[in-house]
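Working notes for the structure below.
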Amino acid sequence: MITVKNLKKSFGSNEVLKDINVTVKPKEVVVVIGPSGSGKSTFLRCINLLETITDGHILIEGIDITDKKTDINKIRTDVGMVFQQFNLFPHKTVIQNIMLAPMKVKNVPNEKARAKAIELLRKVGLEDKAEAYPDSLSGGQKQRVAIARALAMEPKIMLFDEPTSALDPEMVGEVLEVMKDLAKEGMTMVVVTHEMGFAKEVGDRVIFMDGGLIVEENIPDELFDHPQEERTKAFLSKVL
Amino acid sequence: MDIRWDILAEYAPFFAKGTLLTIGLSIASIIIGCLLGLFIGLGKLTKNKWIAFPFNCYITFFRGTPLLVQILLVHFGLVPLFVGETNGIIAAITALSLNSAAYVAEIFRGGIQSIDKGQMEAARSLGMNHVQAMRFVILPQAFKRMIPPLGNEFIVLIKDSSLAAIIAVKELMYWGQAMQGQYYRAWEPYITAALIYLVLTFSLSLLLSRLERRLATE
């Protein structure tokens with residue numbers, strides 16, 4: 001579903017990603033962990049080209065998105081993204097936030113987009129907030145709306161960039177719950193997170209990144225209980 | 001101090017006509033200035049330095065030289081070059097528009113840049129192209145933030161339109177000076193003109209603060 005080959009990314013002379021190779025299978029939930037500055041967010045942002053990559057190839061469903069001829073806007077409709085800072089549109093109500101892209105990008109008629117938005121709001125438990133503006137919501141509610149907004153495009157892949165890192169601790173659970181449901185439904189997901197509990201419970205595979213490299217990857221139980229690399233051990237001893 | 005109401009009554013129709021022309025000059029210049037300003041602001045925002053360069057020059061010139069000089073240049077230089085003869089009203093509107101476009105461009109640029117870059121990323125990640133993201137996500141938010149500085153700019157423009165009196169455009173200030181010249185009175189013409197300008201600028205700021213309240217999202 002996603003194939004990343006020899007991905008390199010530099011900001012000026014600072015090499016953030018050094019030769020990343022990853023394959024994500026359909027319906028797989030891949031969790032990326034690692035210390036801050038390890039390049040895990042940059043890696044995730046490369047998958048839908050929010051960062052221009054320096055070298056290498058990324059294939060989504062066999063299409064090379066790094067090829068200049070590829071219509072990236074078309075690819076992005078298949079790849080939903082959820083941000084740490086939610087990035088809801090503050091000038092639009094919750095339901096308008098969800099309806100905007102389907103209507104403008106996919107030309108979905110108003111009633112159909114509205115019905116879909118209400119269905120998604122029900123799914124994330126916020127149908128009573130449809131007409132509210134984002135500023136009146138709590139962090140957890142905002143993030144659930146952001147997930148609904150991404151799902152409205154009916155993506156095949158969902159990318160989560162530290163979705164709970166900006167939340168108060170008591171709101172982390174409600175967002176993770178929505179993500180768990182999504183994983184159960186068979187969504188292909190790549191999740192950058194510091195929530196080790198989520199990684200263990202939901203992840204099919206955990207990737208540990210440090211210094212712009214993939215240090216180790218394994219099924220969660222193995223990686224958390226029997227880490228092979230010293231850097232993985234050092235990191236896990238700090239966070240677990 | 002005695003006030004000569006009789007000369008005020010005599011000049012009342014001229015002040016009325018002058019006020020209408022002042023309003024006309026201002027509205028025309030605001031509209032042209034905004035359109036041109038948006039274009040120049042976006043031009044300055046382009047990442048390509050060579051494309052942005054002429055827009056930078058434009059802004060530097062029109063912000064850095066006196067409006068009076070610009071009005072005289074346009075009136076005696078630019079307009080005759082294109083139309084063949086001088087025309088005060090065309091010159092006034094042209095000079096005021098060109099001048100305010102430079103300020104409006106900076107207001108647009110500031111407004112657009114003040115929007116968090118996560119907004120553009122979110123819009124693009126949903127599959128919108130750059131133009132759609134600008135139109136549906138960035139500009140509506142930027143516009144709301146631009147209202148107060150734009151209001152300032154429009155008020156400055158209304159007041160600056162009085163400089164058109166120098167090139168004999170028969171707007172409000174022109175009649176004020178005509179009245180002063182005829183009767184050698186200072187208070188009646190200039191206080192009258194000042195009060196009318198005040199009414200115009202105050203009405204505009206009321207209008208804009210109502211618009212701002214309507215666009216509030218809380």
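Looking at (1) without any contact (Cβ under 8 Å) to a residue 12 or more places away in the chain; (2) more than 30 Å from A:SER10 (Cβ to Cβ), which one does A:ALA234 not meet, given that it meets all the others?
Against the list (1) without any contact (Cβ under 8 Å) to a residue 12 or more places away in the chain; (2) more than 30 Å from A:SER10 (Cβ to Cβ), A:ALA234 comes up short only on (2).
Being more than 19 Å from B:GLY118 (Cβ to Cβ), out of contact with any Ser or Thr (no Cβ under 7 Å at 6 or more places or on another chain), crowded, with 16+ Cβ neighbours inside 10 Å and not polar (S, T, N, Q) narrows it down to one residue among A:ILE58, A:ILE47, A:ILE65; which is it? Give the steps one after another, and end with the answer.
On the way: A:ILE58 fails: out of contact with any Ser or Thr (no Cβ under 7 Å at 6 or more places or on another chain); A:ILE47 fails: more than 19 Å from B:GLY118 (Cβ to Cβ).
Of A:ILE58, A:ILE47, A:ILE65, the one residue that is more than 19 Å from B:GLY118 (Cβ to Cβ), out of contact with any Ser or Thr (no Cβ under 7 Å at 6 or more places or on another chain), crowded, with 16+ Cβ neighbours inside 10 Å and not polar (S, T, N, Q) is A:ILE65.
Only one residue in A:ILE118, A:ILE95, A:ILE75 is more than 8 Å from every other protein chain (Cβ to nearest Cβ), within 25 Å of A:ILE60 (Cα to Cα) and assigned to a helix (DSSP H, G or I). Which one?
After applying the criteria, what remains is A:ILE75.
Filter the range A:32-72 for residues that are of a type in the set (Asp, Glu) and more than 21 Å from A:GLN85 (Cβ to Cβ); which is farthest from the other protein chains (Cβ to nearest Cβ)?
A:ASP55
In the range B:173-204, which residues are over 24 Å from B:ALA102 (Cβ atoms), within 18 Å of the chain's Cα centre (by Cα) and not hydroxyl-bearing (Ser, Thr, Tyr)? Write out each step before concluding.
Step one: filter the range B:173-204 for residues over 24 Å from B:ALA102 (Cβ atoms), giving B:174-196, B:198-199, B:202-203.
In the following step, the residues that additionally are within 18 Å of the chain's Cα centre (by Cα) were identified as B:196, B:198-199, B:202-203.
B:ILE196, B:LEU198, B:VAL199, B:PHE202, listed by residue number.
Please state which of the following conditions A:VAL82 fails to meet, knowing it meets all the rest: (1) closer than 30 Å to A:PHE235 by Cα; (2) at pLDDT below 95; (3) within 13 Å of chain B (Cβ to nearest Cβ).
Here A:VAL82 clears every test but (2).
Have a look at A:MET81, A:MET153 and point out the one that is in a loop (DSSP other than H, G, I, E, B) and aliphatic (A, V, I, L, M).
A:MET153
Could you list, in sequence order, all residues of the range A:98-115 that are outside any helix (DSSP H, G or I) and at the interface with chain B (Cβ under 9 Å from one of its Cβ atoms)?
A:LYS106 - this is the single residue of the range A:98-115 that is outside any helix (DSSP H, G or I) and at the interface with chain B (Cβ under 9 Å from one of its Cβ atoms).
For a quick check of your reading: which helices (runs of 4 or more DSSP H) sit entirely within the range A:178-240 and have at least 2 residues that are of a type in the set (Val, Ile, Thr) and in contact with a helix residue (DSSP H, G or I) (Cβ under 8 Å, 6 or more places away or on another chain)?
Of the helices (runs of 4 or more DSSP H) lying wholly inside the range A:178-240, those with at least 2 residues that are of a type in the set (Val, Ile, Thr) and in contact with a helix residue (DSSP H, G or I) (Cβ under 8 Å, 6 or more places away or on another chain) span A:230-239.
List the helices (runs of 4 or more DSSP H) inside the range B:116-178, counting only whole elements, that have at least 3 residues being touching a Gly at 6+ places or on another chain (Cβ under 9 Å).
It comes to B:139-160.
Being surrounded by 15 or more Cβ atoms within 10 Å (Cβ to Cβ) and not polar (S, T, N, Q) is the filter here; which residues of the range B:195-218 pass it?
Correct list: B:ILE196, B:TYR197, B:LEU200, B:LEU204, B:LEU208.
Do we find a residue being among the hydroxyl-bearing types (Ser, Thr, Tyr), more than 19 Å from B:ALA28 (Cα to Cα) and either in a loop (DSSP other than H, G, I, E, B) or within 14 Å of another protein chain (Cβ to nearest Cβ) (or both) anywhere in the range B:180-187?
Among the residues of the range B:180-187, at least one is among the hydroxyl-bearing types (Ser, Thr, Tyr), more than 19 Å from B:ALA28 (Cα to Cα) and either in a loop (DSSP other than H, G, I, E, B) or within 14 Å of another protein chain (Cβ to nearest Cβ) (or both), which makes the answer yes.
Is the range B:204-213 home to any residue that is closer than 28 Å to B:PHE76 by Cβ, touching a residue at least 60 places away in the same chain (Cβ under 8 Å) and either polar (S, T, N, Q) or away from every other protein chain (no Cβ under 14 Å) (or both)?
So far as the range B:204-213 goes, no, none of its residues is closer than 28 Å to B:PHE76 by Cβ, touching a residue at least 60 places away in the same chain (Cβ under 8 Å) and either polar (S, T, N, Q) or away from every other protein chain (no Cβ under 14 Å) (or both).
Name the pairs: first residue in the range B:102-125 and over 29 Å from B:ILE30 (Cβ atoms) and at pLDDT 95 or above, second residue part of a helix (DSSP H, G or I) and of a type in the set (Gly, Ala, Ser), Cβ to Cβ under 7 Å, at least 6 apart or on different chains?
Going by the 7 Å Cβ cut-off, the qualifying pairs are B:ALA123/B:ALA133; B:ARG124/B:ALA133.
Of all the residues that make up the range B:167-182, how many are closer than 18 Å to B:ASN87 by Cβ, surrounded by fewer than 24 Cβ atoms within 10 Å (Cβ to Cβ) and of a type in the set (A, V, I, L, M)?
2
Specify which of the listed residues (A:ALA152, A:ALA166) is crowded, with 19+ Cβ neighbours inside 10 Å and within 12 Å of chain B (Cβ to nearest Cβ).
Being crowded, with 19+ Cβ neighbours inside 10 Å and within 12 Å of chain B (Cβ to nearest Cβ) holds for just one of A:ALA152, A:ALA166, which is A:ALA152.
Which of (1) closer than 20 Å to B:PRO66 by Cβ; (2) in contact with a helix residue (DSSP H, G or I) (Cβ under 6 Å, 6 or more places away or on another chain) does B:ILE166 not meet, given it meets every other one?
Going through the list (1) closer than 20 Å to B:PRO66 by Cβ; (2) in contact with a helix residue (DSSP H, G or I) (Cβ under 6 Å, 6 or more places away or on another chain), B:ILE166 breaks only (2).
With respect to B:VAL104, is the statement that it is over 30 Å from A:PHE83 (Cβ atoms), more than 14 Å from chain A (Cβ to nearest Cβ) and not in a helix (DSSP H, G or I) true?
no
Taking into account only those residues within the range B:108-157 that are more than 14 Å from every other protein chain (Cβ to nearest Cβ) and of a type in the set (Phe, Trp, Tyr), which is nearest to A:ARG76 (Cα to Cα)?
Taking the candidates together, the pick is B:PHE108.
Just checking, how many residues over the range A:112-130 are more than 22 Å from the chain's Cα centre (by Cα) and more than 22 Å from B:ARG135 (Cα to Cα)?
Matching residues across the range A:112-130 total 7.
In this structure, does A:GLU201 turn out to be at pLDDT below 95, buried (at least 18 other Cβ atoms within 10 Å of the Cβ) and under 26 Å from A:LEU223 (Cβ atoms)? Even if it seems obvious, please write down each step before you answer.
Values: at pLDDT below 95: yes; buried (at least 18 other Cβ atoms within 10 Å of the Cβ): no; under 26 Å from A:LEU223 (Cβ atoms): yes.
So A:GLU201 does not fit the description; no.
Looking at A:ASP181, A:ASP168, A:ASP161, A:ASP135, which one is acidic (Asp, Glu), closer than 16 Å to A:SER41 by Cα and touching a residue at least 24 places away in the same chain (Cβ under 8 Å)?
A:ASP161
The values are calculated or read from the model by the stated rules, or taken from the named source; none is laboratory data. In this text the structure is predicted, and so the values were computed from the model without any measurement. A quick note on method: Cβ atoms are made from the backbone with ideal geometry, for glycine too, and the neighbour counts reach across all protein chains shown.
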